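Structure first, commentary second.
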Amino acid sequence: QECSKKQKNDDTQSTSVDALSSNDGFEEKNEFHTLADAKILLSDCLACDNCMTSEEGARVFQQNQKELFRILNLNKKCDTSKHKVLAVSICPQSLPYFAAKFNLSVNDAAKRLCGFLKSLGVHYVFDTTIAADFSILESQREFVQRYQRRNQEEHALPMFASACPGWIRYAERVLTNLVTSRICTAKSPQQIMGSLVKGYFARQQNLSPDKIFHVIVAPCYDKKLEALREDFYTALYNSQEVDCVLTSGEIVQIMEQKNVSMKDVTEVAVDSLFDEIKEGDVVRHDGKRSDGYLEHIFKHAAKELFGMDVKEITYKALKNKDFQEVTLEKDGETVLRFAAAYGFRNIQNMVLKLKKGKFLYHFVEVLACPGGCLNGKGQAQTEDGKPDKALLNQMEEVYAAIPVRLPETNMHVQKMYQDWLEGMDSKKVQETLHTKYSAVNQTASNLDIKW
């Protein structure tokens, strides 16, 4: 079906997918209070009723606070043998939201959020930064390989980032294999975290993956759709890598309905995937509003392909602040040309240039939200659905102040490559950290959508 992004925003603001609910009127009476149903507007993400099946719609709708409390309540009532281990993984771009909203440092926000979740009955709270480490490292290696094959393979370059599910959904449902064949095959941090929790961590704890209920706290609604992908499902255990995605705003709704303030919550250190140790201070990757794929891949490629050490990257804004480029020059020649394209208007322009053969970039970090991941619709909007610019500015300041840690310096990651993944070039790395993207339901009219 045609993508409803062709509709005007005015048309989509009032439409939501709550009509797809499979449990309308369901109000479970238990010690956990009744929570309001989540409303996902078509303008919030690409998860519109023209872009997904009714079954997908119902399953997306079920990924709300009630599902978390259903599992919490079952753990209170049912036989111990049927209990689920509840694990919550928090995206780095969500923490600045809690810090800014409650006027906390980002480290305090992480600990208080962990304390709140554990007060509900959650067993483990993780930080997904380690999953982003894996995703960036795999993306770096894939770019270098694609660059080296660029003269032999037609679709080797440009390479597009694969971390944004809104962009991936659009590419697969609307664009052709001209685009999808160029998308990096590395899984997003969310889904690598799913592999870590349901694979590595489950094995460490001697648990079957289906005994773990894994929740992701993320900035945007598109992450809910990403969790439902068939390639992120293990048939042997009838288990998704991620069982439920809640936006940062949905977590705050739980706090509000329980009449709890972050400032009143006891601080609890965030858990680690490794034994009984706890996480230290919050760290992030290069990049002002995202996991920094562009900066990490650019510096890695400069070193690996041209023997150049790039310390600082200079962005050049083109048509707008959400389309910027970075170039590397050697001996007077431009040898690398990267771009960051945020928001669907910039994405469309990028695709049109690619179709016309006028695309000069080797790599593009593509994000569906204007302003990047911090501006996800699940955390950066006011109650009337408008962008909360003041809050976003605060979030950007908080995020920029978080210290950067290079993925290559994470010793846990290096050890897991050897002990869990059987080496960096193993078949298990491909099976665990990579996936495939391909165009589906192509129609000619979809290729020239105007927003």
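When region 103-122 is examined, which residues are found to be polar (S, T, N, Q) and either assigned by the TED database to the domain that holds E397 or outside any helix (DSSP H, G or I) (or both)?
Answer for region 103-122, where residues must be polar (S, T, N, Q) and either assigned by the TED database to the domain that holds E397 or outside any helix (DSSP H, G or I) (or both): N103, S105.
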Quick one: how many residues across region 368-387 are at pLDDT below 85 and either part of a helix (DSSP H, G or I) or acidic (D, E) (or both)? 2
Applying the selection to region 332-374, what residues are free of Cβ contacts under 8 Å to residues at least 24 places away in the same chain and of a type in the set (D, E, K, R)? E333, K353, K356, K358
In region 96-111, which residues are open to solvent by 40 Å² or more (accessible area, probe 1.4 Å) and not polar (S, T, N, Q)? K101, D108, K111
Hits in region 383-429 (condition: surrounded by 13 or more Cβ atoms within 10 Å (Cβ to Cβ) and either basic (K, R) or in contact with a Gly (Cβ under 6 Å, 6 or more places away or on another chain) (or both)): R405, K428
When the residues of region 160-219 are filtered to those that are among the aliphatic types (A, V, I, L, M) and part of a strand (DSSP E or B), which remaining residue is nearest to I251 (Cα to Cα)? V217
Would you confirm whether or not region 414-428 contains a residue that is at pLDDT below 95, under 20 Å from the mean Cα position of the chain (by Cα) and not polar (S, T, N, Q)? no
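Just for region 244-273: of the residues that are in a loop (DSSP other than H, G, I, E, B) and in contact with a Lys or Arg (Cβ under 9 Å, 6 or more places away or on another chain), which one is surrounded by the fewest Cβ atoms within 10 Å (Cβ to Cβ)?
T266
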Tell me, yes or no, whether region 220-239 has at least one residue that is without any contact (Cβ under 8 Å) to a residue 60 or more places away in the chain, open to solvent by less than 10 Å² (accessible area, probe 1.4 Å) and not hydroxyl-bearing (S, T, Y). no
I'd like the residue in region 327-367 that is buried (at least 20 other Cβ atoms within 10 Å of the Cβ), in a strand (DSSP E or B) and aliphatic (A, V, I, L, M) and, out of all such residues, is nearest to the chain's Cα centre (by Cα). L367
Taking region 275-287 only, how many residues are assigned to a loop (DSSP other than H, G, I, E, B) and surrounded by fewer than 15 Cβ atoms within 10 Å (Cβ to Cβ)? 5
With respect to K77, is the statement that it is charged (D, E, K, R) and surrounded by fewer than 17 Cβ atoms within 10 Å (Cβ to Cβ) true? yes
Of all residues being of a type outside the set (G, A, S) and touching a Gly at 6+ places or on another chain (Cβ under 6 Å) in region 356-381, which is farthest from P158 (Cα to Cα)? Just the residue, please. Q379
Criterion first (within 23 Å of K353 (Cα to Cα), open to solvent by 10 Å² or more (accessible area, probe 1.4 Å), out of contact with any Ser or Thr (no Cβ under 8 Å at 6 or more places or on another chain) and at pLDDT below 95) does R203 satisfy it? no
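Please specify each residue of region 134-191 satisfying the condition of being within 26 Å of Y417 (Cα to Cα) and open to solvent by 30 Å² or more (accessible area, probe 1.4 Å). Steps first, please.
Residues of region 134-191 that are within 26 Å of Y417 (Cα to Cα), as a first pass: 134-149, 156, 159-165, 182-191.
Across region 134-191, the qualifying residues are R141, Q145, Q148, R149, T185.
If I filter region 81-95 down to residues being closer than 15 Å to F213 by Cα and not in a strand (DSSP E or B), which single residue comes out as modelled with the highest pLDDT?
K84
Is it true that V125 is outside any helix (DSSP H, G or I), aliphatic (A, V, I, L, M) and either open to solvent by 20 Å² or more (accessible area, probe 1.4 Å) or in contact (Cβ under 8 Å) with a residue 12 or more places away in the chain (or both)?
Taking the combined requirement at face value, the residue satisfies it.
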Please go through region 228-278 and give me each residue that is aliphatic (A, V, I, L, M) and closer than 27 Å to P387 by Cα, ordered by number. V245, L246, I251, V252, I254, M255, V260, M262
What about K198, is it in contact with a strand residue (DSSP E or B) (Cβ under 8 Å, 6 or more places away or on another chain), more than 27 Å from C369 (Cα to Cα) and surrounded by fewer than 24 Cβ atoms within 10 Å (Cβ to Cβ)? no
Can you pull out every residue in region 292-313 that is assigned to a loop (DSSP other than H, G, I, E, B) and open to solvent by less than 20 Å² (accessible area, probe 1.4 Å)? G292
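The values are calculated or read from the model by the stated rules, or taken from the named source; none is laboratory data. Note that the structure is predicted; figures quoted are calculated from it, not measured. Please note: Cβ atoms are built from the backbone with ideal geometry, for glycine as well, and neighbour counts cover all protein chains shown. In case anyone asks, the SASA skips ligands and DNA or RNA and just uses the protein heavy atoms, side chains included. Shrake-Rupley method; radii C 1.70, N 1.55, O 1.52, S 1.80 Å.
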